[in-house]
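Since the structure comes first, as structure tokens, the remarks are kept for the end.
The values are calculated or read from the model by the stated rules, or taken from the named source; none is laboratory data. Quick caveat, the model's predicted, so the values are computed rather than measured. Neighbour counts are summed over all protein chains in view; Cβ atoms, including those assigned to glycine, are modelled from backbone coordinates with ideal geometry.
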């Protein structure tokens, strides 16, 4: 309390005591003691007389506001003009009361303290919002309806300096941070926003060299829903654009790779079949159509599964091998088994199966290359039958039978090598040199001719 008249001090204290406000009052009576008091503690409120010896309430208010901007200041005086009362309120005082009418003083104190608490909370909230505002990776700028910058965040300032070499300030025209050749475009855009539209677009700030920026501009409405402000957000999307371009390039390369792959598949002598983990066929090449007789459309229409083509008696051992591929026990395998054709024939096929995985190692599809080996199997069976017959014949005769493979210089003997010549099988060397050494010297020249 700043008051130089003791009787007035007693009067004010009595009024406050009767109000039951819980106050600790420190009384000072001049400028020096007032400043010392403000330096020693932070008051919740200041009550001040107007006219003191060599000191006034106006000077006291300035000192108080300089040290504590939000501490309430109430003028309690004998008599002042209405002009002065209005002036000191305008200068920052929270209220004024006359000493001959102090009934309202407790209420004035309570209201002033509540106002102070509200202002401090608001200031903290604004500081928190500003911290968040300056921490995001999006630039913000708020304009009035005359295109004047009212507020902006830290990133907007950085962008303005980097792109325009201009340090923006509140009160500047937005055109000061805009390229001259964009002024007409921007004014046209802002006029649309002030008319109530919201606009979003992307633009490369320096064509060909970047950065790419994404703009979102919206109207801010006030009383009566009138547009009074313009809020703009600006996000640097250069990295996103580069990623999109890289993806386009990769997609194009993949598309070209797929085209080359399917060209080879189309022209390969092997059939190509793609299928999923439920054996459902997803793709069927023309060569596969020639091998089995079904077209791709026929298979899809009838919902054929890959194993429907397998010979039933082979399924017992075939299905576990395919399941190993699905269960990722193996990544590829090679199988020979019998299959049905559309016209009911049974053919032998050789399958080269593999699992295709994505970059995360997850199987996305299964692919098979297949060829008809029926003719080869037939020849193998004939040769096997011939070999079986030769074996029976060689065992049934008492003669010695031998076969000399000229290409690899190997020989094969039947049991006659032992019964006629006396050599046990373990003693026989299956090379020409061995039996040449066993020929009588007189006959060697004749035989070798």
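Starting from residues that are part of a helix (DSSP H, G or I) and touching a residue at least 24 places away in the same chain (Cβ under 8 Å), keep the ones in the range 224-275 and report whichever is nearest to the chain's Cα centre (by Cα). Among residues in the range 224-275 that are part of a helix (DSSP H, G or I) and touching a residue at least 24 places away in the same chain (Cβ under 8 Å), the one nearest to the chain's Cα centre (by Cα) is 240.
Filtering the range 302-318 to residues that are part of a helix (DSSP H, G or I) and under 14 Å from residue 280 (Cα atoms) leaves 302, 306, 307, 308, 309.
Do we have residue 404 as touching a strand residue (DSSP E or B) at 6+ places or on another chain (Cβ under 7 Å), in a helix (DSSP H, G or I), modelled with pLDDT under 80 and surrounded by 12 or more Cβ atoms within 10 Å (Cβ to Cβ) here? No, not satisfied.
Please pick out the residue among 60, 7, 37 that is within 60 Å of the chain's Cα centre (by Cα) and surrounded by fewer than 18 Cβ atoms within 10 Å (Cβ to Cβ).
The conditions single out 37.
Consider residue 88 carefully, then state whether it is in contact with a helix residue (DSSP H, G or I) (Cβ under 8 Å, 6 or more places away or on another chain) and either buried (at least 18 other Cβ atoms within 10 Å of the Cβ) or within 24 Å of residue 121 (Cβ to Cβ) (or both). The answer is yes for residue 88.
When you go through 142, 155 one by one, which is the residue that is under 30 Å from residue 215 (Cβ atoms), in contact with a strand residue (DSSP E or B) (Cβ under 9 Å, 6 or more places away or on another chain) and either assigned by TED's automatic domain parsing to the domain that holds residue 23 or part of a helix (DSSP H, G or I) (or both)? Just a single option satisfies the conditions, and that option is 155. Selection of the range 1-42 for residues being in a loop (DSSP other than H, G, I, E, B) and out of contact with any helix residue (DSSP H, G or I) (no Cβ under 8 Å at 6 or more places or on another chain) yields 4, 5, 20, 22, 24, 29, 30, 41, 42.
Consider the range 326-377. How many of its residues are assigned to a helix (DSSP H, G or I) and either touching a helix residue (DSSP H, G or I) at 6+ places or on another chain (Cβ under 6 Å) or farther than 23 Å from residue 292 by Cα (or both)?
1
Considering 27, 50, the condition of being within 16 Å of residue 1 (Cβ to Cβ), in contact (Cβ under 8 Å) with a residue 24 or more places away in the chain and out of contact with any strand residue (DSSP E or B) (no Cβ under 7 Å at 6 or more places or on another chain) is satisfied by 27 alone.
Given 174, 141, which one is without any contact (Cβ under 8 Å) to a residue 40 or more places away in the chain and closer than 24 Å to residue 126 by Cβ?
Just a single option satisfies the conditions, and that option is 174.
Select from the range 121-138 the residues that are surrounded by 13 or more Cβ atoms within 10 Å (Cβ to Cβ) and either part of a helix (DSSP H, G or I) or touching a residue at least 24 places away in the same chain (Cβ under 8 Å) (or both) and list them in ascending order. Of everything in the range 121-138, those that are surrounded by 13 or more Cβ atoms within 10 Å (Cβ to Cβ) and either part of a helix (DSSP H, G or I) or touching a residue at least 24 places away in the same chain (Cβ under 8 Å) (or both) turn out to be 130, 133, 134, 138. So if I check each of 351, 317, which one is surrounded by 14 or more Cβ atoms within 10 Å (Cβ to Cβ) and free of Cβ contacts under 8 Å to residues at least 60 places away in the same chain? So the residue among 351, 317 that is surrounded by 14 or more Cβ atoms within 10 Å (Cβ to Cβ) and free of Cβ contacts under 8 Å to residues at least 60 places away in the same chain is 351.
If you go through the range 283-296 one residue at a time, do you hit one that is on the phi < 0 side of the Ramachandran plot, assigned to a helix (DSSP H, G or I) and surrounded by fewer than 13 Cβ atoms within 10 Å (Cβ to Cβ)? Yes: one or more hits.
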